[in-house]
């Protein structure tokens, strides 16, 4: 039995991941996917951060408390879905009715986690559950349908990471530190990912988990190859980041402990800043601006005040389900 309680290394990993989430969103808003520098960085970031968060969530999923976990995530989703819809209407105006059936932007993660907690106790009864999850991830990337409503695309696309975390996550994490050469392999994997991110043309929606690959290629076989390649790349990259995490600066630990607060509130900061704060600088300077904005956002939102706000907003909703 591999038991991994809360430790500073896991928190540092989560801290790095939440910083990458915030950094990626600032890059998207201010630089976009069209420049060589920003596109390469975004592809690198999106191949790792959310798959890794979902993998870690699976690692620490307690099947005996599946109901409480599902209620908690869904309560947070409902509270912040409402806040983001109202906020979007105030800031941007227009029709917000589409968000009645689709999680608002970053809120897909809370909704998807609530679904995972709900269905995992049933899924893991199946002997080939990991294979089944991979098949579902491939299938949703091939069918010609709108994958945004109810976050169906992301939920199925990222399901293998959660199931892998539930079944083998703690064993894999422990095994990563048993072989010295795992460090060399991890460095090589991340370098290869960086090179691939620069040279390989890739649709952003493939990394979002919402793409219909057949919209870009007529070959089903090639579509399956792309999905499997993306899954394998993300898994190797996740494990590489985890193996190298011990060299991360200690300040990432507090970011990791408060990652939920940073995740839920950073969207408001990104929306407001991109709406009202304009920067026009060369790419290298814009990269520095996005980095500084991301670091400042994480530093501010790590405060316990934001965690208390989340509890105040979600607990009344949780009582309804209980």
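Okay, here's what the table says:
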{"item": "Extension reserve of the residue 118-residue 284 stretch, reckoned as 0.36 nm per residue once the Cα distance is removed", "result": "55.3 nm"}
{"item": "Residue-averaged [θ]222 nm for the chain, counting only DSSP H segments that reach four residues, each worth -39500 (n - 2.57)", "result": "-24000 deg cm²/dmol"}
{"item": "Theoretical FRET efficiency, 1/(1+(r/R0)^6), r = Cβ-Cβ of residue 291 and residue 219, R0 41 Å, to 0.05", "result": "0.55"}
{"item": "Candidates 271, 106, 184, ranked by Gaussian network fluctuation over the chain, Cα under 10 Å, top entry", "result": "184"}
{"item": "The chain: Rg to Rh, with Rh as the Kirkwood radius over Cα pairs", "result": "0.94"}
{"item": "Spatial separation of Cα centroids for segment 238-252 and segment 170-209, in angstrom", "result": "13"}
{"item": "Length released on extending from residue 90 to residue 304, taking residue separation times 0.36 nm less the Cα-Cα span", "result": "74.4 nm"}
{"item": "Most mobile of 111, 60, 44 in a GNM of the chain (Cα contacts under 10 Å)", "result": "60"}
{"item": "Taking 242, 107, 318 and counting other C-beta atoms within 10 Å, the order from fewest to most", "result": "318, 242, 107"}
{"item": "Relative contact order of segment 8-321, pairs being alpha-carbon contacts under 8 Å that are 6 or more residues apart, as %", "result": "35"}
{"item": "Two-site FRET efficiency, residue 7 against residue 100, from Cβ-Cβ distance with R₀ of 41 Å, rounded to 0.05", "result": "0.50"}
{"item": "Rounded FRET efficiency, nearest 0.05, which uses the C-beta distance separating residue 29 from residue 82 and R0 of 30 Å", "result": "0.85"}
{"item": "Gained length - residue 175 relative to residue 63, 0.36 nm times residue gap less alpha-carbon distance", "result": "38.0 nm"}
{"item": "Protection proxy ranking of 154-164, 65-75, 191-201 - average other beta-carbon atoms within 10 Å, highest first", "result": "154-164, 65-75, 191-201"}
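Each reported figure results from applying straightforward, stated rules to the coordinates on display, with no laboratory input. Predicted model only: the values in this text are computed from it and were never measured. Cβ coordinates were reconstructed from backbone atoms using ideal geometry, including for glycine residues, and neighbour counts include every protein chain displayed.
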